[in-house]
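The values are calculated or read from the model by the stated rules, or taken from the named source; none is laboratory data. Because the structure is predicted, anything quoted here is derived from the model rather than measured. Cβ: placed from backbone, ideal geometry, glycine included. Neighbour counts: every protein chain shown. These accessible areas exclude ligands, DNA and RNA; they are computed on the full protein's heavy atoms, side chains included. Shrake-Rupley method; radii C 1.70, N 1.55, O 1.52, S 1.80 Å.
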Amino acid sequence: MSEIVRVNCIKHQYPDATEVQICGLSMTIHKGERVAVLGPNGSGKTTLLLHIVGILRPTEGEVLVFGEPPSKTSLHGKVAMVFQDVDEQIIGPTVWDDIAFSPINYGHPPEEVKKMVNDIIEEMNLQHLANKVPHYLSGGEKKKVAIAGAVVTHPKLLILDEALTGLDPKAKIETIVFLNKLNKEKGMALVITTHEVDILPLIADTVYVISERAIIFKGTPSDLFKHPEIFEKANLHPPPVISLLNTLKREGVPIEITKTIEEAEDELLKLLLTKKAKTTT
């Protein structure tokens, strides 16, 4: 896979002279890759994303997006971002108008804009919201509208800062399915920050963990689940069933640390059934 993002040990100084440095491991993102960035509040996740989209510029270090520093190249049509506070980016008088903002701004002709917007509204099941005023929507509805507005132009890289937080379970699964469809069918790379460890296997091929302004881990969700010390170091909590599997493994129980929560539950059930069968024979 071709590399589309590289970040190496960046430092940024805010206007009030506050300095933020994110070092540790380098971050690389490849075409079509799904990346999750995990870390507690204040660890630097949002700062990292804002450097990738070019809103912030590093005073030291390296940020390359499609081979160029974001500040020196146009990312229009290549990169889109959904902010943690979606009220910052929803500006249209109606949901339809808000989703249409980017294609209009990028110069698509009116008929093409109409098709693009209507297609994404249908794909994301937003028909009932199309003529609503965004200001009066629920937080979860606003997030779905912001995602629709970001992906309507089919960028090559979509960045989502805590975009799944606040969605009800049904909307969250629908959004994950939709994002994975874009990833699979359009080759769109995804970068998602999250606190929700349980959903990592559903949204990520690669996970980065940030702790105290340093990238301390890179690997698959399965790799991460096998290293409870990473969760402890980053002040995060692994899924309870994964913690139980790790405890059993440390105690010498022959059990596998699985990729998904469902597989972990199956592994425990298999262990219990095996033990039950032995006690009844």
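Results, tabulated for the structure shown:
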quantity: Portion, in percent, of the accessible area of the chain that falls on carbon or sulfur, probe 1.4 Å; calculated: 53
quantity: Inter-label distance for Glu112 and Lys186, nm, one decimal - labels placed 7 Å from Cα along Cα-to-Cβ; calculated: 1.5
quantity: Heavy-atom accessible area ranking, 1.4 Å probe, most first, across Phe101, Phe225; calculated: Phe101, Phe225
quantity: Length released on extending from Gln84 to Asn235, taking residue separation times 0.36 nm less the Cα-Cα span; calculated: 52.3 nm
quantity: Antiparallel bridges, percent of DSSP beta bridges restricted to the chain (to nearest 5); calculated: 50
quantity: Structure-based [θ]222 nm, the chain - -39500 (n - 2.57) summed over DSSP H runs of at least 4, per residue, nearest 500; calculated: -11500 deg cm²/dmol
quantity: Solvent exposure of the chain as accessible area per residue, Å², 1.4 Å probe; calculated: 50
quantity: Too-long pairs where the Cα-Cα distance tops 24 Å, listed order kept, from Lys11/Lys72; Lys132/Lys186; Lys31/Lys218; Lys132/Lys156; Lys114/Lys143; calculated: Lys132/Lys186; Lys132/Lys156
quantity: Max mean-square fluctuation residue, GNM over the chain, Cα-Cα springs under 10 Å, options Ser71, Ser43, Ser138; calculated: Ser138
quantity: Binned Cα-Cα distance frequencies in the chain - 10 Å width, integer %; calculated: 6, 26, 31, 22, 10, 4, 1, 0
quantity: All lysines inside 24 Å of Lys270 as judged from Cα atoms, apart from same-chain residues fewer than 8 positions distant; calculated: Lys226, Lys249, Lys259, Lys278
